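See structure below.
The values are calculated or read from the model by the stated rules, or taken from the named source; none is laboratory data. Note that the structure is predicted; figures quoted are calculated from it, not measured. Cβ placement follows ideal geometry from the backbone for every residue including glycine, while neighbour counts extend to all protein chains displayed. Ligands, DNA and RNA are stripped out before the accessible areas are found, and what is left, the full protein with its side chains, is counted by its heavy atoms. Shrake-Rupley method; radii C 1.70, N 1.55, O 1.52, S 1.80 Å.
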Amino acid sequence: MADPLLFNPRTYDPAQFDPETRRLLRATVDWFEDRGKRRLIEDYRSRAWLADFLAFAAKEGLFATFLTPASAAGHKDQRWDTARIAALNEIFGFYGLDYWYAWQVTILGLGPVWQSDNTAARTRAAELLTQGEVFAFGLSEKTHGADIYSTDMLLTPDGNGGFTATGSKYYIGNGNAAGLVSVFGRRTDIEGPDGYVFFAADSRHPAYHLVKNVVDSSKYVSEFRLEDYPVGQDDVLHTGRAAFDAALNTVNVGKFNLCTASIGICEHAMYEAVTHAHNRILYGRPVTAFPHVRRELADAYVRLVGMKLFSDRAVDYFRSASPDDRRYLLFNPMTKMKVTTEGEKVIDLMWDVIAAKGFEKDTYFAQAAVEIRGLPKLEGTVHVNLALILKFMRNHLLNPAEFAPVPIRLEAADDTFLFEQGPARGLGSVRFHDWRPAYDAYADVPNVARFREQADALCEFVTTAAPDEEQSRDLDLLLAVGQLFALVVHGQLILEQARLTDLDEDVLDELFSVLVRDFSAFAVELHGKDSATVDQQRWALSAVRRPVVDEARSGRVWERVEALSGAYEMAP
């Protein structure tokens, strides 16, 4: 019997969505399954460009249906629906990050367009999507990375109301084939933020010079250079501060996709790992008979379930966002930072079990072990996102506000606010609902209660031993504090989703036994920081807890893991 908590192509039926969404999701799964594992792996190893996949997507109208907002739609099924976008992320991750990446950078490339008032550019983008074209996001540069304050893409006024653009962009996905590239630059005649410009370029234009693919992969992560590229008024998407905001708000939309891609990678790898371990005989018994193997695979399983629960719940807050409800600005970097690093832990736990098998060229696992590393490093590093979530810590833990309950949001609706986010500032003023009721609802689950003790202790830390002004400049110490805060938020949304979906409490208890251990480990890390004060060191050790052990519960969770053996294997 298939595990209802994990994606399984054999039984996948996205009945929660409308008929056209179900058809497209299922058609995508069937396309990959029909190609088979051998072709999937060979294309990955040979670094083949994704022409056949993009042809399939164009034929089905996949990108056009999922990535055209209702305001630019040509038919009723086109909308920007975060719930179904998340579902497709998971499928792409399950079969290979190369496919997801072409889709992901198309989303980023569309961000500045759908935020723009430029009707001509919006119409052109919708037409290109209908034609099956992909898009690119020309933000980062070789010298400055994504430091948009320092862009060297220069736009010189041409005397006729337009510009000529000259400069290079680096690490730009789809830069080899994009029908439209959203490019960030600055005017030569205006200093400061008022001089920023976001404009649309075409990778096929003679003044667009493709330099190379900067990675050794099917993903075409390009370096390109513009030489006196003509930029007319119909090409200008944003100017001044609005261009800056469009860049950051686009990343807010795009980086959410990393979490569900990570989930898909881990799910496919887990089927392979458990099946291999359970059928491998060592010293006369299955590998899965060894206690340390069971613990590692069970930890991997519950961590993966936690990733899914958190990400699913975060979708609801994205879809419910408004100018008066910006809670998504915390949950977004959490999905990017916390969920993707959990994915790394899941792969590492399974790799410790299957060992050399994880290197074999005929496994999906071999590419999963490589690809899972990339997601925490895209759209801002883990450190950048940890530093970002710290801006919300005091308000979230200590200063709750009243909000109407957010339901599960799976309806067929357009998420218009994502392209109307407004100025990218004021994070310290964002308010949150009280995190405690989510924990209170499961106070009788032993390890939830144990973890709640640690969460309460963190509130005490913020109140009595928070970093002073000098320590606030010590990013190394702050990141350790950020990890502790991230765990509380992670647990909160997991519990909210568990309540909404009636999650098996054995799984939840086992998951929180892992989170108790994680909190203790980060507390010990904080204790060891060079600049930690005596009070902070004392607090850190006082926050260490031992999970509540229940062998019967662990045995029941192990039965769920064991049942994954043979539950799915991709056709050759």
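Some points to look at:
- Under Karplus coefficients 6.51, -1.76 and 1.60, residue-wise ³J(HN,Hα) of the range 389-394 in Hz, glycine/proline x: 5, 4, 4, 9, 4, 5
- Computed from Cα positions, the angle between helix 241-255 and the longest principal axis of the chain comes to roughly 40 degrees.
- A viscosity of 0.692 mPa s and a temperature of 37 °C, combined with the Kirkwood radius over C-alpha pairs in the Stokes-Einstein formula, give the range 508-572 a diffusion coefficient of 226 µm²/s.
- Using alpha carbons only: equivalent-ellipsoid semi-axes of the range 130-263, gyration tensor based, whole Å: 24, 18, 14
- Charged-residue dipole, Cβ positions (Lys, Arg, Asp, Glu), the range 351-473 about Cα centre, Debye nearest 20: 280
- Placing a pseudo-label 7 Å from each Cα along the Cα-to-Cβ vector at Arg373 and Lys59 gives an inter-label distance of 3.6 nm.
- With Cα atoms, 0 to 90° folded angle of helix 505-527 axis to the chain main axis: 80
- The convex hull drawn around the Cα atoms of the chain, when projected onto a plane and averaged over every direction, covers 25.9 nm².
- Point-charge dipole on Cβ atoms (K/R +1, D/E -1) for the range 180-285, about Cα centre, debye to 20: 660
- Take every Cα pair under 8 Å whose residues are at least 6 apart in sequence, average their separation, divide by the length of the range 133-233, and the relative contact order is 31 percent.
- Average Cα contact separation per residue, the range 185-341, under 8 Å, 6 or more apart, as relative contact order %: 19
- For the chain, carbon and sulfur atoms together expose 52% of the accessible surface, with a 1.4 angstrom probe and every protein chain in place.
- Lys/Arg +1, Asp/Glu -1 at C-beta; the chain dipole; positive extreme among Pro405, His383, Ala457: His383
- The shape of the range 367-426 can be summarised by an equivalent ellipsoid whose semi-axes, obtained from the alpha carbon gyration tensor, come to 27, 21, 15 Å from longest to shortest.
- Note on Val445: accessible area is roughly 0 Å² with a 1.4 Å probe, heavy atoms of protein only.
- Rg over Rh, two decimals, the range 222-376 (C-alpha only, Kirkwood Rh): 1.16
- Accessible area (Å², per residue) of the chain, counting only protein heavy atoms and a probe of 1.4 Å: 38
- Pairs of Cα atoms nearer than 8 Å and 6+ residues apart set the relative contact order; for the chain it is 15 percent.
- For the range 494-526 versus the range 364-386, the inter-centroid distance based on Cα atoms is 22 Å.
- Sites listed here are trypsin sites (Lys or Arg not before Pro) in the range 99-206 whose DSSP assignment is loop and whose Cβ has at most 13 other Cβ atoms within 10 Å: Lys142, Arg204.
- With Cα atoms, 0 to 90° folded angle of helix 551-562 axis to the chain main axis: 40
- When the inverse distances between all different Cα atoms of the range 447-572 are averaged and flipped, the Kirkwood radius reads 16.3 angstrom.
- Principal axis dimensions, the range 84-184 - Cα atoms, whole angstrom, descending: 49, 33, 22
- Among Val105, Gly284, Asn332 - extreme Cα towards positive end, dipole of the chain, charges at beta-carbon: Gly284
- Restricted to Cα atoms, the range 51-126 shows a radius of gyration and a Dmax of 12.5, 37 angstrom.
- Gyration tensor over alpha-carbon atoms, the range 305-374, equivalent ellipsoid semi-axes in Å: 33, 10, 9
- Magnitude of the charge dipole, the range 461-559, Cβ model with Lys/Arg +1 and Asp/Glu -1, debye to 20: 200
- Antiparallel bridge percentage (DSSP; both residues within the range 116-217; nearest 5): 65
- Orientation-averaged projection of the range 465-507 equals 4.2 nm² [convex hull of Cα atoms, one quarter of hull surface area].
- With the whole protein complex present, Tyr171 retains an accessible surface near 110 Å², based on a 1.4 Å probe.
- Paramagnetic reach from Val548 in the range 452-476 [backbone N under 11 Å; point 7 Å along Cα→Cβ]: 452
- Sorting Leu40, Leu5 on solvent-accessible area from highest to lowest, probe radius 1.4 Å, gives Leu5, Leu40.
- The range 191-220 and the range 7-50 have Cα centres spaced 30 Å apart.
- Spatially proximal lysines relative to Lys212 (Cα-Cα < 23 Å; intrachain offsets below 8 disregarded): Lys142, Lys169, Lys377
- ³J(HN,Hα) computed for each position of the range 129-137 - Karplus, 6.51 cos²θ - 1.76 cosθ + 1.60, integer Hz, glycine/proline x: 4, 4, 7, x, 6, 9, 10, 9, 10
- Straight-line cross-link partners of Lys308 among the lysines, defined as a Cα under 18 Å from its Cα and at least 8 positions apart when in the same chain: Lys255, Lys336, Lys338, Lys345.
- Span from the the range 162-183 Cα centroid across to the the range 242-291 one, whole angstrom: 31
- Rounded to the nearest 5, the antiparallel percentage of DSSP beta bridges internal to the chain is 85%.
- Using just its DSSP H runs of length 4 or more, each adding -39500 (n - 2.57), the chain gives a mean residue ellipticity at 222 nm of -16500 deg cm²/dmol after division by all residues.
- Normalised by residue count, the range 1-155 yields a Cα convex hull volume of 152 Å³ per residue.
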